[in-house]
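The values are calculated or read from the model by the stated rules, or taken from the named source; none is laboratory data. Quantities reported herein were computed from a predicted structural model and do not represent experimental measurements. Cβ placement follows ideal geometry from the backbone for every residue including glycine, while neighbour counts extend to all protein chains displayed.
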Amino acid sequence: MLLLFLVSSYWTIRCQKESGTDSTSLLLAGLVLAGPSGCPQIIGDGLTLCGDTVVSLEVSREEFDRVAPWPGIPTADARRYTKELLFSRFRDDFDYVVFLINDRNAAAGGWSRSVSQDVTGLGFSPFDNGALYGTSGNLNAVIYLTTLGAITGGPFLHEIMHTWGNYVLPSESASHWGLSSAGGQLGGWDPDTFQDLGYTNGNGKNVYQASKGESYHYFGVNANGGNCMPYSPIELYLMGLIPSSEVPDIKVAVNPEPEDFPNGIFAADSIDTVTIDDIIADHGLRTPGPSSSQKHFRVLTVILTPTALTNEDWNLVLDDIREMEAPTKAGYCENFASATGYRATIQFGDLNNSLR
Ligand SMILES: [Zn+2]
């Protein structure tokens, strides 16, 4: 049963993405792609800055093969890269350091490792491990993404959401929404799709059906299709972008088990209702709230690579970043601004101004 949940969530974390086909065919035709302006700009030992927006960190093939594949960069290496390499060259101006692996063939995936947090009402106490990463409290998290195209291909928006959740709602899937109507970047179903099918299974549990949206027949317990899902009301509340009054009641399956999970059918003892007032009673009000919460976030993107990047590599990532930080959504999936309902923005560039 656990495997079925995992397979389903693994599948749904992947998001369809067109991947640089035009650039590839240009190269095959014998044309040389122009490099981005101001690129490459050597800024340190193994560190190259490109287009004022993205950095590459070149390591030996042996080291790359050790740190790049899933389960990703070991903690000691992530701390060494940030403390000894990145923050010896960059000021402490960033909310996120995102490590992007120079691999186009790996399955889309990633993780977020929290570094510091001073918001309250999230279900955990404020903490600050910034000194271990060479920062003094600004850095929210270090994020690892398995493939070069993961900023728009996913799960970039999902990993950003782990800054704030889920630590407020009971879930079968730790730190995600599991089998609940919280449906957003961290899994869960769309409340409008929930049905009690009116019968019990062989274990005497009630059988229900739900999906991640009206044109789908399934949902994920960990994720809902890479970047192709906006943040849900409870996610926006935890981000500090909407007031508690805009968060609808959340249904949570009690002791669930999959029934026909690829079709969104599951069984449970019952369905609990958790209100935002219940969450506030347990964990306190999210503070600061929407009137004074942070609405703009800065990212330092670092491509980990065993070889110098090609112009095609740089252009692929720069195009992805432009799409993700644009003030309006342009691509197939959501970008950061659209996923927040245009309540917050994210910025990757202007790195020269952050150089020490
Ligand atoms: Zn996750």
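See the values below:
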quantity	calculated
Where a residue in the stretch 78-100 is among the aliphatic types (A, V, I, L, M) and its partner, wherever it lies, is in a loop (DSSP other than H, G, I, E, B) and crowded, with 23+ Cβ neighbours inside 10 Å, with Cβ under 8 Å and at least six apart	VAL97/LEU139; LEU100/LEU148
From the options TYR133, TYR144, residue that is among the hydroxyl-bearing types (Ser, Thr, Tyr), over 15 Å from the mean Cα position of the chain (by Cα) and buried (at least 16 other Cβ atoms within 10 Å of the Cβ)	TYR133
Count - residues of the stretch 294-345 that are in contact with a strand residue (DSSP E or B) (Cβ under 6 Å, 6 or more places away or on another chain), without any contact (Cβ under 8 Å) to a residue 60 or more places away in the chain and among the aliphatic types (A, V, I, L, M)	1
So ASN335, is it of a type in the set (S, T, N, Q) and within 14 Å of TYR231 (Cα to Cα)	yes
Hits in the stretch 108-119 - residues which are under 22 Å from GLU58 (Cα atoms) and either touching a residue at least 60 places away in the same chain (Cβ under 8 Å) or acidic (Asp, Glu) (or both)	ALA108, GLY109
Matching option when the condition is within 12 Å of the ligand (Cβ to nearest atom) and either over 17 Å from GLU235 (Cβ atoms) or modelled with pLDDT under 95 (or both), among GLY154, GLY149	GLY154
Residues within the stretch 107-127 that are small (Gly, Ala, Ser), within 16 Å of the ligand (Cβ to nearest atom) and assigned to a strand (DSSP E or B), tallied	3
Subset tally (residues that are surrounded by fewer than 20 Cβ atoms within 10 Å (Cβ to Cβ) and touching a Leu at 6+ places or on another chain (Cβ under 8 Å)) for the stretch 121-130	1
Residue that is farthest from ALA141 (Cα to Cα) [pool: residues in the stretch 64-74 that are touching a residue at least 12 places away in the same chain (Cβ under 8 Å) and surrounded by 12 or more Cβ atoms within 10 Å (Cβ to Cβ)]	PHE64
Failed criterion for ARG104 (all others in (1) closer than 19 Å to TRP70 by Cβ; (2) within 16 Å of the ligand (Cβ to nearest atom); (3) not in a strand (DSSP E or B) hold)	(2)
Filtered residue count, the stretch 261-317, keeping only those that are of a type outside the set (A, V, I, L, M, F, W, C) and assigned to a strand (DSSP E or B)	8
Set TYR237, TYR218, TYR231, TYR208: member being within 15 Å of the ligand (Cβ to nearest atom) and in contact (Cβ under 8 Å) with a residue 12 or more places away in the chain	TYR231
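For every residue, the table says whether it meets (1) in contact with a helix residue (DSSP H, G or I) (Cβ under 8 Å, 6 or more places away or on another chain); (2) within 30 Å of PRO243 (Cα to Cα); (3) among the basic types (Lys, Arg).
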{"site": "HIS283", "(1), (2), (3)": "no, yes, no"}
{"site": "THR287", "(1), (2), (3)": "no, yes, no"}
{"site": "SER293", "(1), (2), (3)": "no, yes, no"}
{"site": "HIS296", "(1), (2), (3)": "no, yes, no"}
{"site": "VAL302", "(1), (2), (3)": "yes, no, no"}
{"site": "THR305", "(1), (2), (3)": "yes, no, no"}
{"site": "ASN315", "(1), (2), (3)": "yes, no, no"}
{"site": "LEU318", "(1), (2), (3)": "no, no, no"}
{"site": "GLU323", "(1), (2), (3)": "yes, yes, no"}
